[in-house]
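Q: Next up is a structure, given as structure tokens.
The values are calculated or read from the model by the stated rules, or taken from the named source; none is laboratory data. Source: prediction; values computed, not measured. We place every Cβ from the backbone using ideal geometry, glycine too, and count neighbours over all the protein chains shown. Keep in mind that these areas ignore ligands, DNA and RNA; they rest on the heavy atoms of the full protein, side chains included. Shrake-Rupley method; radii C 1.70, N 1.55, O 1.52, S 1.80 Å.
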Amino acid sequence: MTILLNSQLCSLRFQPSFSVLKARFSSHSRLNELLLKMPRDNTQTQILKKQRVKIKEKSSKYSPGIVNLQILGSGAKGAPRALYLFTDQSRYLFNCGEGSQRLAHEHKIKLSKLEHIFITYGSWKNIGGLPGVALTLQDVGVPQLVLHGPENIDSMFPATRRFVVLKNLSIKTASCTTKDVYEDNVITVKYIPLAATQNRRPVSATDSIVSDETNIEDEIDYYEHEKKSEMKRRSSSAEPGPKKLSEEDVVMCYAVKLQPKPGALCLEKCVEAGVPPGPLLGKLKAGEDVVLNDGTIVRSADVTLAHDPGPLFLVVEVPYEKFLPCLERSFSHFQSPEKEENHPFLIVHFTPPEIMCHPIYKKWMEGFRLTTQHLLVNEANTCLGSTAVHRVQYKLNLIEPSFFPLLKDSGFTQEYDKLKENIPNGNPETFDLSSEFCILKGNTTGKIWLRPRRPWDVIESLQIDPEGFKTEAKGVEGFSDEVSKFQMELAKFPPSVEEYPNIIFLGTGSCIPNKTRNTSAILLSMSDDCRIMLDCGEGTAGQVVRYFGPKEASKVFASLRAVYVSHLHADHHIGLIGILQNRPQDAPPLFLFAPSQIMTWLKLYEEYFENILQYFILVPNTDMFYTHYKLRMDYRESLKSELNMETIQTTYVRHCPNAFGVSLTSRDGWKLTYSGDTMPCDNLVELGMGSDVLIHEATMEDDLVHEARAKMHCTTSEAIEVGKKMNAKHIILTHFSQRYAKLPRIVGNDLGNNVGVAFDNMKVRFCDLPKLKLLYPSLKLIFHEEIEELEEKAFRRKLKEERAKAKRERMIQV
């Protein structure tokens, strides 16, 4: 049976022996990814490190033969900025925006050889994906990550250390002055800083209206419940804090040159020169001249092909106009170099389109040769990078479009050829005809070959095949009949045109994202201009763009009145900054309902990177505690006038410290309760009593109740039982372990009459809640292969438990 990655991700975490699993899956090409999230003991980590050192020592003796640039994140609205330099030896990443981890997983871009990340500027678009990628690197055994970029770029990790715990990955920072050069056997990198006066507003106590308790330092270990005795974490006193800010604002650009590669030995020329087979060929290949038995001198240069001096490319970002005056003087020696090989054949532009159309920037571009190619990794692109989400959505759409509407991202086209276009003038879809450049659109998986040189790779460019996706679903035996039956049942319900209120599930997975389930995010819409986000894992902003389309997404961000964060695990709040930055600059601050300790992270981000505090007003979750409600009177009025909520109340739940459940009671009379992450919790039952909708986590299947308890989560039956106790009219299960990439395993295959299963990009209007129970039979058919695999795993697990039990009984008898 085929081993599916997504159904294994979380189960591996609980297996007792890394070495056993390695042997079991040794033939699997995706071993490193299968071992995501699995704790390793120090012995195994040391073995992996020694193996890496040996491999690096062996490969460092020669220059790589295969080198290409791969676009991981296109920089489009809702997509990360990320450019991957692949070689057959080492890997490098230029910028790492929010969502890079998920795209790398979907497109099988392995990160196990990534040890260097080059950041151009300390903005969320460039660094938002660092925490997730760092955790992945740690999980696949990378011992050290070196960050290159502006000063303080490494402050990201001390700032996130409470919820991004790096036990076995060391973070180092390279010195990046104009005098410094990074060099290895693959590339030579020269640093080109662009400096401007620091004009970011300093942190102010008035930036966010919060209660006094938010001034405390957060020293809580949010993963204490997951610790094992042999996995001691570093104490906070041993962790370095962020450094002091410089008075200058600095962008770091890069000149990257491949190491030269000697020409390959031409055997035909060797034969013509009379060189016999044997060690003389090896000497000629190594560049040595040799003497034959008859005294003839054969020069290496005469029997080898042309020497490859190594192409040069530039990586440039000019985020604001204030950096434009630095451009010409900083790059002048690349526009008129003394050596031909120092002409850049490619310039990678992370610069936003509105700056690229500036006359100074255009003039600077004109200073390079007309043959220089310009790769855009910015908002001029439209490709969001994922095809897997469309594959699932097209299939689900066949069941019922109102629950599973087709996604509206517009980044898939059939034309990925090299384009001869002009720089976009403000609007990415319009072009200024005054000057032409050789433009390459940076669409995910597109490649530029550096060695051997090839044209812009069009074969692997992303495309979706709607008809093919539909055919796959329709080809499942019995699917069409089941859908017809479902539609007949739907016809029994009275027609409804009530669009609001509705719930859109943007992320329904746990812990880490996979290609079909992102981390937690739920959009609750009361009207077209009033919405609340319940949790916001990494990539939530991108999910909004993917669901609504770029233009409509801007309206949705503007209509967002509040964000609720249930607890401070990264998969529930790391996407907050992306949401804040996608809202209109003139939008009023939204309410942030969250544990007050979130301010430790947000203040550090504000201090060392970008202004964000003015975009929200923090209301600590403790101020809305249902047994001692202390919300300010003006905020209570705002709930009614701006959110149309009579009350929003919280309670502690059984998960990590400062984990909350919430209930929202509308002025229109409906009540919704959201559990966040928790074990079965009596407080939540009391808080949500009589809810119209309970959205409850169901991380594990019933057979894994012990693992659920160890991680302080619920099984499916436990979640349903909570709903029964609180007399909830409807229950929607979410937050599934990533082993259930498509559909969770339900013991007995019966959810009950008022229970539904959430999917990413699923919309549930309140008027459609009674119909949810009808979906499950069709879902079981469309994902029958995954369900069969889950059942087989459960069967094997049961056999293993019975054998272990029998063995224990025999030992007792002896």
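Q: Filter region 404-433 for residues that are crowded, with 20+ Cβ neighbours inside 10 Å and touching a Gly at 6+ places or on another chain (Cβ under 9 Å); which is modelled with the lowest pLDDT?
A: Out of the qualifying residues, it is Y416.
Q: Could you tell me whether region 150-166 includes any residue that is closer than 13 Å to Y92 by Cβ, open to solvent by less than 20 Å² (accessible area, probe 1.4 Å) and out of contact with any Pro (no Cβ under 6 Å at 6 or more places or on another chain)?
A: Taking every residue of region 150-166 in turn, none turns out to be closer than 13 Å to Y92 by Cβ, open to solvent by less than 20 Å² (accessible area, probe 1.4 Å) and out of contact with any Pro (no Cβ under 6 Å at 6 or more places or on another chain).
Q: Identify the residue in region 101-128 that is within 22 Å of Y191 (Cβ to Cβ) and among the small types (G, A, S) and, among all such residues, is nearest to the chain's Cα centre (by Cα).
A: Within region 101-128, the subset within 22 Å of Y191 (Cβ to Cβ) is 114-123, 125-127.
Of the ones still in play, those that are also among the small types (G, A, S) are 122-123.
Working: G122: 17, S123: 16 Å.
Residue satisfying both the conditions and the ranking: S123.
Q: For residues that are open to solvent by less than 50 Å² (accessible area, probe 1.4 Å) and not aliphatic (A, V, I, L, M), tally how many sit in region 296-307.
A: So the answer is 2.
Q: Within region 286-317, take every residue that is touching a Leu at 6+ places or on another chain (Cβ under 6 Å) and farther than 30 Å from Q373 by Cβ and give me the one that is modelled with the highest pLDDT.
A: The residue in question is V290.
Q: All but one of (1) at pLDDT 95 or above; (2) surrounded by 20 or more Cβ atoms within 10 Å (Cβ to Cβ) hold for A174, so report the exception by its number.
A: A174 satisfies all of (1) at pLDDT 95 or above; (2) surrounded by 20 or more Cβ atoms within 10 Å (Cβ to Cβ) except (2).
Q: Only residues in region 548-576 that are farther than 21 Å from L664 by Cβ count as the first member; pair them with residues that are in a helix (DSSP H, G or I), Cβ under 7 angstrom, at least 6 apart or cross-chain, and list the lot.
A: Close Cβ pairs satisfying both conditions: F548/V556; A553/V544; A553/V545; A570/P131; I574/P131.
Q: Looking at (1) closer than 24 Å to N126 by Cβ; (2) in a strand (DSSP E or B); (3) open to solvent by 30 Å² or more (accessible area, probe 1.4 Å), which one does R561 not meet, given that it meets all the others?
A: If we test R561 against (1) closer than 24 Å to N126 by Cβ; (2) in a strand (DSSP E or B); (3) open to solvent by 30 Å² or more (accessible area, probe 1.4 Å), just (1) comes out false.
Q: Also, quick follow-up: In region 573-617, what count of residues is obtained for those that are open to solvent by 20 Å² or more (accessible area, probe 1.4 Å) and over 19 Å from C656 (Cα atoms)? Please lay out each step first, then the result.
A: Of region 573-617, the ones open to solvent by 20 Å² or more (accessible area, probe 1.4 Å) are 581-582, 584-589, 597, 600, 603-604, 607-608, 610-611, 614-615, 617.
Checking which are over 19 Å from C656 (Cα atoms) leaves us with 581-582, 584-589, 603-604, 607-608, 610-611, 614-615, 617.
Of the residues in that region, 17 qualify.
Q: Considering only residues that are at pLDDT 95 or above and among the β-branched types (V, I, T), look in region 103-149 and name the one that is nearest to G78 (Cα to Cα).
A: Checked region 103-149; the qualifying residue nearest to G78 (Cα to Cα) is I127.
Q: Within region 261-277, how many residues turn out to be in a loop (DSSP other than H, G, I, E, B) and modelled with pLDDT under 90?
A: 4
Q: Taking the residues in region 522-556 that are in contact with a helix residue (DSSP H, G or I) (Cβ under 9 Å, 6 or more places away or on another chain) and at positive phi as candidates, determine which candidate is surrounded by the fewest Cβ atoms within 10 Å (Cβ to Cβ).
A: Filtering first and then ranking leaves D535.
Q: Let me ask another. For region 318-347, enumerate the residues that are over 16 Å from Q373 (Cα atoms) and in contact with a Ser or Thr (Cβ under 8 Å, 6 or more places away or on another chain).
A: Hits for region 318-347 are V318, P319, K322.
Q: Filter region 736-794 for residues that are of a type in the set (S, T, N, Q), open to solvent by less than 20 Å² (accessible area, probe 1.4 Å) and not in a helix (DSSP H, G or I) and give the result.
A: Initially, region 736-794 is screened for residues of a type in the set (S, T, N, Q), giving 737-738, 749, 753-754, 761, 778.
From what's left, open to solvent by less than 20 Å² (accessible area, probe 1.4 Å): 737-738, 761, 778.
Matches in region 736-794: S737, Q738, N761.
Q: Please specify each residue of region 157-200 satisfying the condition of being part of a helix (DSSP H, G or I) and either under 14 Å from T120 (Cα atoms) or without any contact (Cβ under 8 Å) to a residue 60 or more places away in the chain (or both).
A: F157 - this is the single residue of region 157-200 that is part of a helix (DSSP H, G or I) and either under 14 Å from T120 (Cα atoms) or without any contact (Cβ under 8 Å) to a residue 60 or more places away in the chain (or both).
Q: Oh, and also: F86 fails exactly one of the following numbered conditions: (1) in a loop (DSSP other than H, G, I, E, B); (2) open to solvent by 30 Å² or more (accessible area, probe 1.4 Å). What is the number of that condition?
A: In the conditions (1) in a loop (DSSP other than H, G, I, E, B); (2) open to solvent by 30 Å² or more (accessible area, probe 1.4 Å), F86 misses (1) alone.
Q: When only residues in region 618-661 that are touching a Phe, Trp or Tyr at 6+ places or on another chain (Cβ under 6 Å) and either part of a helix (DSSP H, G or I) or among the polar types (S, T, N, Q) (or both) count, which is most open to solvent (accessible area, probe 1.4 Å)?
A: Q649
Q: (1) modelled with pLDDT under 95; (2) not in a loop (DSSP other than H, G, I, E, B): which one isn't true of D586, the others all being true?
A: Condition (2) is where D586 drops out.
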